[in-house]
Amino acid sequence: MRLAHLEPARPLLAWCRDHGVTEALSGGFFTKPAQVPLGYLHVDGSAVGYAPFREPWNLRRGAVHVDGAGIYIGSLAELQTRSGPVRGDELQAGPLLVQGGRTVVAEIDPEGFSSTNEEFDSDITIGPLPRTALGISREELFAVTVDGRSDEDDGMTLVELADLLVALGIEDALNLDGGSCSALISGGRMHNRPRNDRGELLADGYLATTAFTFQVDD
């Protein structure tokens with residue numbers, strides 16, 4: 001797994017077609033209308049221009065770290081203590097959904113997403129929504145999307161998503177940018193059905209500024 005910075009922001013499916021990428025998952029949040037990645041971001045060991053989350057949440061919110069030694073998911077403060085100087089890829093999003101095989105997201109909003117909801121289009125902690133998550137178990141990596149905003153697909157709350165991931169055997173998981181930005185590409189095609197806030201289908205998905213790409217071994 002690697003982290004890609006899309007500059008300028010583009011629908012993930014279109015970017016994948018142009019770069020010959022067949023497996024990818026939409027990544028972190030970004031500001032609007034400037035389309036600057038929101039949350040701590042390093043790619044190939046180098047800082048990428050980003051807008052930090054507001055204090056005091058900027059170090060508490062979850063992140064994923066990827067390098068040659070493996071994949072780690074935890075709070076940004078924990079990952080920086082564990083890994084020291086960033087030598088690979090690191091993306092901050094959140095909230096953390098699962099830690100140690102247990103659901104950790106809750107109504108009390110321990111990472112302050114509700115209290116700073118003006119950073120986003122809406123309060124991502126409220127109600128069932130289309131969701132995106134990255135999870136790891138002891139042997140597997142999980143790229144997960146949940147559809148919503150239609151009569152057929154209701155979406156999930158953050159707690160429902162976390163509970164589902166635990167049921168799948170996931171040890172640690174992080175919520176990524178969902179809603180209309182949610183995109184899972186496999187075999188070179190979109191596997192979920194992203195919709196805007198009016199419920200209209202987006203064939204190529206909405207914009208992304210970051211994405212995880214995957215090399216699948218036969």
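The values are calculated or read from the model by the stated rules, or taken from the named source; none is laboratory data. What you see is a predicted model; the values in this text were computed from it and never measured. Glycine gets a Cβ as well: all are built from the backbone with ideal geometry, and neighbour counts include every protein chain shown.
Pick from the stretch 202-217 the residues that are assigned to a loop (DSSP other than H, G, I, E, B) and more than 8 Å from Leu12 (Cα to Cα): which of them is modelled with the highest pLDDT?
We begin by selecting, within the stretch 202-217, every residue assigned to a loop (DSSP other than H, G, I, E, B); these are 202-206, 214-217.
Those still in the list that are more than 8 Å from Leu12 (Cα to Cα) too: 202-203, 214-217.
Values: Leu202: 91, Ala203: 88, Phe214: 95, Gln215: 88, Val216: 74, Asp217: 70.
Going through the qualifying residues, I end up with Phe214.
Taking the stated definitions as given, is Ser186 touching a strand residue (DSSP E or B) at 6+ places or on another chain (Cβ under 7 Å) and hydroxyl-bearing (Ser, Thr, Tyr)?
Numbers: touching a strand residue (DSSP E or B) at 6+ places or on another chain (Cβ under 7 Å): no; hydroxyl-bearing (Ser, Thr, Tyr): yes.
No; evaluated as a whole, the condition is false for this residue.
For a quick check of your reading: which strands (runs of 3 or more DSSP E) sit entirely within the stretch 38-123 and have at least 1 residues that are within 30 Å of Glu139 (Cβ to Cβ) and without any contact (Cβ under 8 Å) to a residue 24 or more places away in the chain? Before you say what the answer is, go through the steps one by one.
Details: elements: 41-43, 62-67, 70-75, 89-92, 96-99.
Strands (runs of 3 or more DSSP E) meeting the threshold: 62-67, 70-75.
Given the criteria surrounded by fewer than 20 Cβ atoms within 10 Å (Cβ to Cβ), in contact with a strand residue (DSSP E or B) (Cβ under 9 Å, 6 or more places away or on another chain), among the small types (Gly, Ala, Ser) and modelled with pLDDT under 95, does Ser137 qualify? I'd like the intermediate steps shown before the answer.
On the way: surrounded by fewer than 20 Cβ atoms within 10 Å (Cβ to Cβ): yes; in contact with a strand residue (DSSP E or B) (Cβ under 9 Å, 6 or more places away or on another chain): yes; among the small types (Gly, Ala, Ser): yes; modelled with pLDDT under 95: no.
When the stated conditions are applied, Ser137 does not pass them.
Any idea how many residues of the stretch 10-37 are under 23 Å from Glu111 (Cα atoms), assigned to a loop (DSSP other than H, G, I, E, B), of a type outside the set (A, V, I, L, M) and touching a strand residue (DSSP E or B) at 6+ places or on another chain (Cβ under 8 Å)?
Residues flagged as under 23 Å from Glu111 (Cα atoms), assigned to a loop (DSSP other than H, G, I, E, B), of a type outside the set (A, V, I, L, M) and touching a strand residue (DSSP E or B) at 6+ places or on another chain (Cβ under 8 Å) within the stretch 10-37 amount to 4.
Ala63 passes all but one of (1) over 15 Å from the mean Cα position of the chain (by Cα); (2) surrounded by 16 or more Cβ atoms within 10 Å (Cβ to Cβ); (3) small (Gly, Ala, Ser); which number fails?
Condition not satisfied by Ala63: (1).
Just for the stretch 140-172: of the residues that are of a type outside the set (Asp, Glu) and part of a helix (DSSP H, G or I), which one is surrounded by the fewest Cβ atoms within 10 Å (Cβ to Cβ)? Let's see the steps before the verdict.
Here is the first cut: in the stretch 140-172, the ones of a type outside the set (Asp, Glu) are 141-146, 148-150, 155-159, 161-162, 164-170.
Next cut, part of a helix (DSSP H, G or I) only: 158-159, 161-162, 164-167.
Values: Leu158: 26, Val159: 14, Leu161: 26, Ala162: 27, Leu164: 20, Leu165: 24, Val166: 18, Ala167: 8.
Ranking the candidates gives Ala167 first.
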